[in-house]
């Protein structure tokens, strides 16, 4: 297993039971149950580790954890909840359907085939059989759709700065199949601040596996990816979940979320000069693995605010998980649905026409809510909003 | 004329209470008008005025420990030397008026309402602890000199407004306040109108913009008004009510004799139970609460 | 039992099984633990009453619980039975802005009350460190304090009325939007009774105007004595700061190690002083300016080596860091910490702090202090390794000496953390058996049996909890 008993005990005894995490935890806020809170889960993990309860007693509660890491932001004592969760999940029983699902989602070619096959079946939702296997509940998640191909006008070379460096860009598993244009936009944004992407064949980073307890596999996948992306140049990630996981690894100093890198390299100034917001009202949803996982909150907002004419309105509970959480909305549909509806209510009350976010999971899940609620709000990756501001003609007034 | 005890120490009070069967308690008598003891019945009176003097006062801690029979004016003079006060003393144009004649024990036992309840609270907010003689003669204390304590039940607060029916309060520890920090009062007054025994005391607070109008409604009665806090204190005949205003508040209605009129069955039940526990033979201030 | 309660409520509102029983076997005070048989999550006062009536009829003990952030075991189900969680009663029922009050259910987090009325310039003043998670019901049960209680008063001063389910299951309404109704003041007795006289389900709370002007200063002193004498003199000067907090060198070392926060060379103690006013803007600004200048002058006279006054909100937050992150920093450094909660008259601070260090040295234990100096509420925090029995013993001895000293100076064994099961042994230091009988009589008005949060507060009831180890709490 490669896991030391003492490691989990040491991690859990860091918790002094102050409870400051409680109100930050989406599942506690919804249920009010100590067992669905970070403090309760840590206590159960410790108790299982010490033999006070069975791992099976802790499992249902670990399963319900979103892994959003909001608790780590709230914790005054620096408890490493993410590590505790990953270790604990690796100790409780594994589920075969979950493993199959992970495999299906993290191999782009397989995912593409699945999506094509999926069109043959009439249902809008993912197959009920899969859902029952995973959660015993009826499915909530719409089947993902292959996107229509989007094309962009080529960049105006005369306006671009000279190229000053190279970077890697993580293409992501879900991202390259479901939102390939976001990858294209990332390349364009990088070019606008003078960076060129070194294109290279790459596999899965293992984030989804790690967050679901397949820690050894996940680490192996991450190592393979690191060796593919060899060379001391920055690795740019536009998917929060992947970025958070990669930042935990050996090359952490070289990994950057696209928004933080672009802000640091002066995109805000370029946006202010060349972009236009067309007087749109935009709100921003903090992807958990960006805000809590990587501590990135202001960079995306700074970039959005830099767009002339764009009004950024703050979203109530912006850093509360939307329920997507990797494969959570497939594994725990009921809780995920409650969180999605709560998120949607908050989004609607901002009066914004666009909600921006930095993670494909949140993107797809919130977009489903948008469809269900009459498509009054458009869901976009933060970088998509930025790209639009370059494409929209500047008014002459 | 019935017997009067004039103890000068709490131990004496304890002995007296232990040895007798029914007593009226009395401080200076300044709040007698609010008492409703039956005139026909006469029991020995324990006069608590002899139990006076400040036990200790630490200006730097802003805490004073005082015997219950001490006149408010005496406490006030002592505190004033150090620029301090307790809010109650400043409420009715300073303690040098008639209010100052009252004793600390009597005032907190009657717990009359005042103008600055919202700003300064009431006796229950100033009291940190007390010593009390129970009906069986036991001397007990509650609370401490600490300005903040959660050690056990705040029983001392139960004696605030209990009109001497649960025990004989002999010593009181109070928090004091820098005089400068207390709100000053300027009043409109109209206490030349006659009032009758059946009038009930009401505290009416309105929003600032309605004060003038509210005061003009109140001034046909025996009344005081505090423009700064938009508060009116008025004695109303039984059949009259003040016009209400949006956002106003009747802080208390029916104080004084009317204070005894309880309608809430829960409150009545709990009071009977408390009396049963603290004074099962109805020894202390019999008749002070009509229904008990 | 579970199925019967499931019929009274709904099955989904009753938790049982080893996982749930474990999760609810203690609150933030984890020295003593006791498993409940089950946990119920009622959604209304009526549901709470139904559960309590069932418990009363079947002689099953029950214990209320909010967020479970209590530091003395108030929510410990000492005799097992049913834990009644208020966490599904978290709604604001009514907001009355003109009369500056609101009514909310007991399970709502305290900070949400302030958040709900901040646009109207109001807030709910009691602010224990846990205010973002601790519940209104918990605040009422414990009569909670916090840094700003020095000026604004503890919870008791901010509660206007409560709805409570008594130990027989009857619903009582005491006090109300308008306080001071006729009759005995029972409701003052309920606040701070640690859930032993019934379960508060809703309350009317007072809303206080937000300050219109604030000045915050962080002052560094070369010696403890300089800092403690400054506190006593600030209080004596007649200025009532909104908060007056002290941190000693032990805390600063922890802050530097945990967060890299740096403080001036040679600092033995820090004072955090905040003055505020909610008068209309202009006089408030002047008043607060005058107050902070008075404070600064007193500090200077006591050899302050550095006085930083916040120029804006961001700087103010930075100055508060030392206070707010202090305990977290301690938690990161030491395997075990014990925090005491004694109170002393404020003028005795210099003497008391000297005593604390002297005791710690004599027993060879490490101590750090971070506390509400303005109230005289100490939180001496011992840090040690609880795997070493000698250290544990020394910490126990030192703690007991400190608490005894607090009482002998006219203070209290607990300022804000409550008695619960943790400090039952300490009450006799403050109270004679007769004094304690008085307290028992007061409790009896509401609770004649031994079902409603049994084995708490009074030392006579302590026997039913088997104390594993005394004096070892993790707390602040």
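Just so you know, all these numbers are worked out from the coordinates, no wet-lab data involved. Just so it is clear, the structure is predicted and the values come from calculations on it, not from any experiment. Here the Cβ positions follow ideal geometry from the backbone for every residue, glycine too, while neighbour counts run over all protein chains shown.
Okay, here's what the table says:
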{"item": "Percentage relative contact order, chain A, counting C-alpha pairs under 8 Å, at least six apart", "result": "15"}
{"item": "Separation of alpha-carbon centers, the range A:21-94 and the range C:230-262, rounded to whole Å", "result": "35"}
{"item": "DSSP bridge orientation in chain A - percent antiparallel, rounded to nearest 5", "result": "5"}
{"item": "At R0 = 45 Å, FRET efficiency that the Cβ-Cβ distance of residue A:252 and residue B:228 yields, to 0.05", "result": "0.15"}
{"item": "Alpha-carbon centroid distance for the pair the range C:29-94 / the range C:374-413, whole angstrom", "result": "30"}
{"item": "Alpha carbon convex hull of the range C:76-119, projected area averaged over orientations, nm²", "result": "4.0"}
{"item": "Helix-only mean residue ellipticity at 222 nm for chain C, each DSSP H run of n ≥ 4 adding -39500 (n - 2.57), per residue, nearest 500", "result": "-10500 deg cm²/dmol"}
{"item": "Beta bridge orientation in the protein assembly as shown: antiparallel %, DSSP, nearest 5", "result": "75"}
{"item": "At R0 = 22 Å, FRET efficiency that the Cβ-Cβ distance of residue A:151 and residue A:116 yields, to 0.05", "result": "0.55"}
{"item": "Shielding by other protein chains, A:24-37, mean Cβ within 10 Å", "result": "5"}
{"item": "Added length on full extension, which subtracts the Cα-Cα distance from 0.36 nm per residue, residue B:118 to residue B:2", "result": "37.6 nm"}
{"item": "Neighbouring partner chain Cβ atoms per residue of C:228-238, average, 10 Å criterion", "result": "3"}
{"item": "Helix C:249-259 axis, angle to chain C major axis (alpha carbon atoms, nearest 10°)", "result": "80"}
{"item": "Helix-only [θ]222 nm of chain B, DSSP H runs n ≥ 4, -39500 (n - 2.57) each, per residue, nearest 500", "result": "-5500 deg cm²/dmol"}
{"item": "Chain C - Rg and Dmax from Cα coordinates, angstrom", "result": "22.5, 69"}
{"item": "Chain C: relative contact order as a whole-number percent, Cα under 8 Å and 6+ apart", "result": "17"}
{"item": "Cα gyration tensor shape for chain B, rounded if a/c is under 1.5, else prolate or oblate", "result": "oblate"}
{"item": "Where the Cα pairs of the range A:47-126 fall when distances are cut into 5 Å bins, in %", "result": "3, 12, 15, 17, 15, 12, 11, 8, 5, 2, 0"}
{"item": "Along principal axes, Cα extents of the range A:269-391, largest first, whole Å", "result": "45, 32, 22"}
{"item": "Packing-based ranking, highest mean first, of B:200-206, B:71-77 given that Cβ atoms within 10 Å are counted", "result": "B:200-206, B:71-77"}
{"item": "With 10 Å bins from 0: P(r) over the range A:5-91, alpha-carbon pairs, percent", "result": "20, 58, 22, 0"}
{"item": "Shape parameters for the range B:147-211, alpha-carbon atoms, Rg then Dmax in Å", "result": "18.5, 49"}
{"item": "Percent of Cα pairs exceeding the 16 Å cut-off, where the set is the range C:138-216", "result": "53"}
{"item": "Inverse of mean 1/r across different Cα pairs in the protein assembly as shown, Kirkwood, Å", "result": "32.5"}
{"item": "Global form of chain A, assessed from the alpha-carbon gyration tensor, a/c cut-off 1.5", "result": "prolate"}
{"item": "Descending semi-axes in whole angstrom, ellipsoid equivalent of the range B:40-92, from the Cα gyration tensor", "result": "27, 13, 8"}
{"item": "C-alpha long axis of helix B:265-278 to longest principal axis of chain B, angle in °", "result": "30"}
{"item": "Length-normalised contact order of chain B in % [C-alpha pairs under 8 Å, at least 6 apart]", "result": "20"}
{"item": "Tilt relative to chain A, helix A:108-118 - C-alpha long axis, 0 to 90 degrees, to 10", "result": "90"}
{"item": "Principal axis dimensions, the range C:42-152 - Cα atoms, whole angstrom, descending", "result": "48, 28, 17"}
{"item": "Tensor-based shape of the range A:175-223 (alpha-carbon gyration tensor, a/c under 1.5 rounded, otherwise prolate or oblate)", "result": "prolate"}
{"item": "For q = 0.28, 0.30 Å⁻¹, Debye-computed log10 I/I(0) when each Cα of the range A:311-361 counts as one equal scatterer", "result": "-1.13, -1.20"}
{"item": "Reduced Cα scattering model of the range C:301-411, Debye log10 I(q)/I(0), q = 0.24 Å⁻¹", "result": "-1.30"}
{"item": "Relative packing of A:280-288, C:33-41, which averages over residues the other C-beta atoms within 10 Å, highest first", "result": "A:280-288, C:33-41"}
{"item": "By average C-beta atoms within 10 angstrom, highest first, the peptides C:217-226, C:430-439, C:369-378, A:155-164", "result": "C:369-378, C:217-226, C:430-439, A:155-164"}
{"item": "Kirkwood Rh in Å, taken over the range C:245-289 so that all alpha-carbon pairs contribute", "result": "12.7"}
{"item": "Mean projection area, nm², convex hull over Cα of the range C:213-329", "result": "6.8"}
{"item": "Rg/Rh for the range A:167-301, where both radii come from Cα atoms and Rh is the Kirkwood radius", "result": "0.97"}
{"item": "For C:431-439, mean number of other protein chain Cβ atoms within 10 Å", "result": "6"}
{"item": "Calculated FRET value between residue C:10 and residue A:317, using beta carbons and R₀ = 30 Å, to 0.05", "result": "0.65"}
{"item": "Net length gained if the chain between residue C:397 and residue C:333 were fully extended (0.36 nm per residue, minus Cα distance)", "result": "20.8 nm"}
